[in-house]
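This report refers to the structure that appears directly beneath it.
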Amino acid sequence: MKAVADLKRDVCAVIDARADSLRGVAEEVLHHPELGFKEHATAALVSARFRELGLAHRTGLAITGVKAVLDTGRPGPTVAVFGELDSILVRGHACADAVTGAAHACGHNAQIATLLGVASALAETDVLSSLSGRVALIAVPAEEYVEIEYRLGLREKGMIEFLGGKPELIRLGELDDVDMAMMVHTTTNPEEGRASIPPSLNGCLAKFIQFTGRAAHAGGMPHKGINALNAAMLALSAIHAQRETFRDEDTVRVHPIITKGGELVNVVPADVKMETFVRGKTVAAMLDAERKVDRALRAGALAVGAKLRITTLAGYLPYETDPAFAELYRANALSLVGESGWGQAHHHTGSSDMGDISQIMPAVQPSAGGATGASHGADFTIVDLETAVQVPAKAMAMTLVDLLADDAANARRVLAETKPKMSKAEYLAMMRRMTREALYEEA
Ligand SMILES: [Zn+2]
Ligand SMILES: [Zn+2]
């Protein structure tokens, strides 16, 4: 068995040797952005690369997920490395798909290249022969929780139950054989440096909202109509009136959009649809805020006599970094970027389904720099693929070595030090409790 330092040198050498190929992957995915649960071309690319590396794998998990398991043949924990397949939708982005508007304005294209960098490091060296346990390399669908109405349609067809990729993989049992997981996400925040680890992320609930009014001639006889858009407008104002009640420490975020505001300008809007997230640092904060949001929605409907349907959907649970796991990653990333490259990451008010993972097993989601502009903005650009792909690929491969060398002593220690916040059964029960539909007809 080789020494840990030699194993780390070997994995880094392969990732360096594959730098051009990994840059090519990041570029190719950038130019073929696909929204969640539709990432067929991106999944096919991952599958083709796994095949080239001789990695047996399964496809079509939670519609588009791809999973390869590398077994050392010796007993020990299984560590998962994730890469997210999906893009966001930003029509003004320079690399947006001309038809769909999808664009990689969240940097997930770098994640796919990083995942394949780790795959090369394990498949093109003999490091596995010095490790114990297993590594699961998983390209996951649908991290961005978007297109709620479309995904409700998938749910109705029985194709999904939850609207995010990792919750679906948990539900399907695809993570039953995984003990701990890591994934690196791109950041544009200069304070976070070339590498850093946020301690926590907000969780979120999602709501699909439908106000139903009555159509009538908008000029000739509006008194015969019930204006569902006015109900939505009042509901939005009522939501804003809740904001002074949100505590700073709960980092609540509520950001509704109207996805359908009417159909024809000379008809009183009778069918108005909204989507919103209700985010918070804790589940209790999320539930407190969503109670107020529901009240505000009902107030809008009540004022004009519209009907209201609120479909509440489990979103993502709050994320917490596992300290012992994170320390291993930090030491490896520091060896690559130095003290000057290590940044300060604070609590993130966005959400991710790595939160769900972190509730049921030790997890770490470090940040990688190398991007500029606004995340989810038209100006988001990865300008430094060395920092956005090479560094996280090497840091994760080295962390796998640390975890699984010496009979997987470090992985066993991380697992011994961390008690999962909930079991898979408890997680699924909580997600299902959060999911419900309510109809109001209060006029
Ligand atoms: Zn995003
Ligand atoms: Zn993202």
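Summarising the label geometry, the points placed 7 Å from Cα in the beta-carbon direction at Leu152 and Lys224 lie 2.9 nm from one another. Peptide packing: for 125-134, 315-324, 154-163, the average count of neighbouring Cβ atoms within 10 Å per residue gives the ranking 315-324, 125-134, 154-163, highest mean first. The Cα trace of the stretch 108-264 gives Rg and Dmax of 23.1, 80 Å, the first to one decimal, the second as a whole number. Once backbone amide H atoms are built at 1.01 Å from N, Lys260 has Lys273 as its partners under 5 Å, excluding neighbours fewer than 5 places away on the same chain. Peptides 354-365, 30-41, 389-400, ordered by how many other C-beta atoms sit within 10 Å of their residues on average, highest first, read 389-400, 354-365, 30-41.
Under 5 Å between amide hydrogens, built in the peptide plane, is the criterion, and for Met180 it picks out Thr78, Ala80 among residues at least 5 positions away or on other chains. Backbone geometry of the stretch 130-136 corresponds, through the Karplus equation with coefficients 6.51, -1.76 and 1.60 at θ = phi - 60°, to 3J(HN,Hα) couplings of 9, 10, 10, x, 9, 10, 9 Hz, x marking Gly and Pro. Amide H to amide H, with H built 1.01 Å from N, Leu172 comes under 5 Å of no residue 5 or more places away or on another chain.
When the Cα gyration tensor is reduced to axis lengths a ≥ b ≥ c, the ratio a/c is 1.5 or higher for the stretch 1-125, and with a/b above b/c it is classed as prolate.
Bridging of Lys394 to lysines at a Cα separation below 24 Å is possible for Lys2, Lys8, Lys67, Lys166, once same-chain residues fewer than 8 apart are set aside.
When the accessible area of the stretch 203-316 is computed with all protein chains present and a 1.4 Å probe, what percentage of it is carbon and sulfur?
56
Listed peptides 298-310, 140-152, 219-231 appear in the order 140-152, 298-310, 219-231 once ranked by packing, highest mean of other Cβ atoms within 10 Å at the front. Once the mean of 1/r is taken over each pair of separate Cα atoms and inverted, the chain shows a Kirkwood hydrodynamic radius of 22.7 Å. How big is the gap, in Å, between the Cα center of the stretch 365-430 and the Cα center of the stretch 272-331? The stretch 365-430 and the stretch 272-331 have Cα centres spaced 24 Å from each other. Using the Karplus relation 6.51 cos²θ - 1.76 cosθ + 1.60 with θ = phi - 60°, the per-residue 3J(HN,Hα) values for the stretch 374-380 come to 9, 4, 6, x, 5, 9, 5 Hz, with x marking Gly and Pro.
Computed over neighbours whose Cβ is under 15 Å from that of Asn189, the net charge equals -3, Lys and Arg +1, Asp and Glu -1. Under 10 Å, Cα contacts only: if you run a Gaussian network model on the chain, which one of Val184, Val383, Val14 comes out with the highest mean-square fluctuation? Residue with maximal mean-square fluctuation among Val184, Val383, Val14: Val383. Using the 1.4 Å probe convention, the accessible area of the chain works out to 39 Å² per residue with neighbouring protein chains retained.
Site pair Arg51 and Met422 shows an inter-label distance of 4.0 nm when each label is modelled 7 Å from Cα along Cα→Cβ. Here the stretch 203-316 is treated as an ellipsoid with the same Cα gyration tensor; its semi-axes, largest first and in whole Å, are 30, 12, 10.
Helix check for the chain. Which DSSP H runs span at least 24 Å along their own axis by Cα, with a mean Kyte-Doolittle hydropathy no less than -1.0?
Helices meeting the criterion: 283-304, 391-417.
Of Ala121, Ala285, Ala48, the residue with the greatest mean-square motion in the GNM of the chain, using alpha carbon springs below 10 Å, is Ala48.
In the structure shown, do any of Lys38/Lys273; Lys207/Lys273; Lys260/Lys307 have a Cα-Cα gap over 21 Å, and if so which?
Lys38/Lys273
Comparing Val265, Val293, Val337 in a Gaussian network model of the chain where C-alpha atoms under 10 Å apart are linked, the largest mean-square fluctuation is found at Val265.
Working note: Karplus 6.51/-1.76/1.60 with θ = phi - 60° gives the stretch 209-220 the couplings 10, 9, 9, 10, x, 9, 6, 6, 4, 5, x, x Hz, where Gly and Pro are set to x.
The values are calculated or read from the model by the stated rules, or taken from the named source; none is laboratory data. As the structure is a prediction and not an experimental result, all values here were calculated from the model. We place every Cβ from the backbone using ideal geometry, glycine too, and count neighbours over all the protein chains shown. Accessible surface is based on the protein model in full, side chains and every heavy atom, while ligands, DNA and RNA are left aside. Shrake-Rupley method; radii C 1.70, N 1.55, O 1.52, S 1.80 Å.
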